[in-house]
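Written below as structure tokens is the structure these notes are about.
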Amino acid sequence: METQKLHDDIIRQKEEKDVVILAHYYQRPEIQAVADFVGDSLELSRVAASAPQGTILFCGVKFMAETAKILSPDKTVLTPYPLAGCLLADMAEPREVEEAKKANPTAQVVAYVNVYAEIKALADIICTSANAGKVMEKTEGDKILFVPDRNLGAFHARTMKGKDVRLWDGYCPIHERITPEAIERVQRKHPDALVIVHPECPPRMTEKADFVGSTSQLLRFVEQSDAKCFIVGTEEGILHEMKKKAPDKDFLLPDPIPICDQMKMITLERVHKALKEDIYPVIVEEAIRAKAEKAIRRMLEL
Ligand code: 13P
């Protein structure tokens with residue numbers, strides 16, 4: 001089926017079937033176009049928790065769809081492609097986290113939302129890149145075990161006074177490749193461009209950037225800034241919303257271009273099939289779900 005037909009049929013079906021489509025900013029433009037709501041991890045988890053529809057079709061990677069199911073256990077949550085995972089989330093194994101908790105019994109476990117349900121269930125509180133600093137600051141006690149993104153953890157640990165922050169050794173391979181060299185290759189031709197990056201980038205990159213923020217914070221920044229040209233250090237999908245929000249500005253990407261193949265596994269054909277056939281339902285074991293929900297709700301209450 002051609003793209004326009006798929007698009008129209010998705011719009012018709014979601015209305016007929018009482019389905020809300022949520023999509024992350026890293027999704028393909030044609031997926032963002034059929035979504036009822038496009039947002040960052042924090043915004044999407046809030047919308048998932050309060051959506052009135054009976055079914056959520058989540059266009060993002062597995063941990064995001066799982067988060068929606070954890071918060072809305074009575075709803076059907078569908079993922080168009082269950083194999084769309086997250087290489088960062090894969091870097092934290094439940095058994096390893098349990099061992100780290102035993103080795104650090106007084107530490108509060110702060111888990112980045114980019115982990116699977118089993119790890120969320122082991123955490124005291126969840127954070128996203130939009131609120132990691134605030135969550136870390138508000139944790140009780142003076143010791144934090146931050147799982148699994150060492151770069152996001154290090155970015156906020158620098159400003160955390162009186163807290164001993166233990167960082168997991170995980171990272172997002174896409175953001176890890178956004179380095180000063182990858183930026184400089186583009187900067188040579190565009191010396192006036194502002195450099196804005198996601199906190200999942202390595203410290204030597206975040207230290208040099210003009211602005212560091214989560215996807216929603218980067219979007220706000222380009223809208224409000226007086227600058228006209230930006231080198232955007234995060235997954236390329238964000239440019240779709242940036243161009244919509246600030247059509248008179250120019251957006252460039254690092255070299256090599258950061259593309260998350262996992263996010264891009266969600267295609268319009270797969271969204272169409274998921275809607276038509278009510279596949280693939282996300283299932284989270286109740287004992288795990290209930291514990292994970294507590295940790296997510298603690299974040300949402302902040
Ligand atoms: P945001 O929370 O900033 O949307 O980031 C999500 C993510 O997965 C980054 O890799």
(message) Quick check: net charge around Lys228, other residues with Cβ under 13 Å of its Cβ, Lys/Arg +1 and Asp/Glu -1?
(response) -4
(request) State the extension gain, in nm to one decimal, for the chain segment bounded by Glu99 and Glu140, taking 0.36 nm per residue of separation less the distance between their alpha-carbons. (result) 12.7 nm
(request) Pairs to check: Lys189/Lys228; Lys189/Lys244; Lys69/Lys273; Lys62/Lys120; Lys14/Lys276; Lys138/Lys161. Give those whose C-alpha atoms are more than 18 Å from each other in this structure. (result) Lys189/Lys244; Lys69/Lys273
(message) Looking at the calculated P(r) for the chain, what percent of the C-alpha pair distances fall above 25 Å?
(response) 48
(request) Report, to two decimal places, the Cα Rg of segment 106-196 normalised by 2.2 N^0.38 Å (N = number of residues). (result) 1.27
(request) Hey, can you find the accessible area per residue of the chain for me, probe 1.4 Å, expressed in square angstrom? (result) 44
(request) Express in whole angstrom the spacing between the alpha-carbon centres of segment 84-129 and segment 186-245. (result) 28
(message) In whole percent, and with a 1.4 Å probe on the protein chains, what portion of the accessible area of the chain is carbon and sulfur?
(response) 49
(request) Mind giving me the FRET efficiency for Glu2 and Lys228? R0 is 41 Å, r the Cβ-Cβ distance, nearest 0.05 is fine. (result) 0.65
(request) Add +1 for every Lys or Arg and -1 for every Asp or Glu among the other residues with Cβ under 12 Å from the Cβ of Glu137, and state the total. (result) +2
(request) Using a Gaussian network model of the chain whose springs link C-alpha atoms within less than 10 Å, name the residue from Arg270, Arg188, Arg220 with the highest mean-square fluctuation. (result) Arg188
(request) Scan segment 103-153 for GluC sites (Glu not before Pro) in coil per DSSP, keeping those whose Cβ has at most 16 other Cβ atoms within 10 Å, and list them by number. (result) Glu140
(request) Count charges around Ala295 for me, please; just the other residues with Cβ under 10 Å from its Cβ, Lys/Arg as +1, Asp/Glu as -1. (result) +3
(request) Give me the orientation-averaged projected area of the Cα convex hull of segment 240-302, in nm², one decimal. (result) 8.2
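The values are calculated or read from the model by the stated rules, or taken from the named source; none is laboratory data. Bear in mind that the values here come from a model prediction, so they are computed numbers and not experimental data. A quick note on method: Cβ atoms are made from the backbone with ideal geometry, for glycine too, and the neighbour counts reach across all protein chains shown. The protein model used for the area step is the full one, side chains on, heavy atoms only, and it has no ligands, DNA or RNA in it. Shrake-Rupley method; radii C 1.70, N 1.55, O 1.52, S 1.80 Å.
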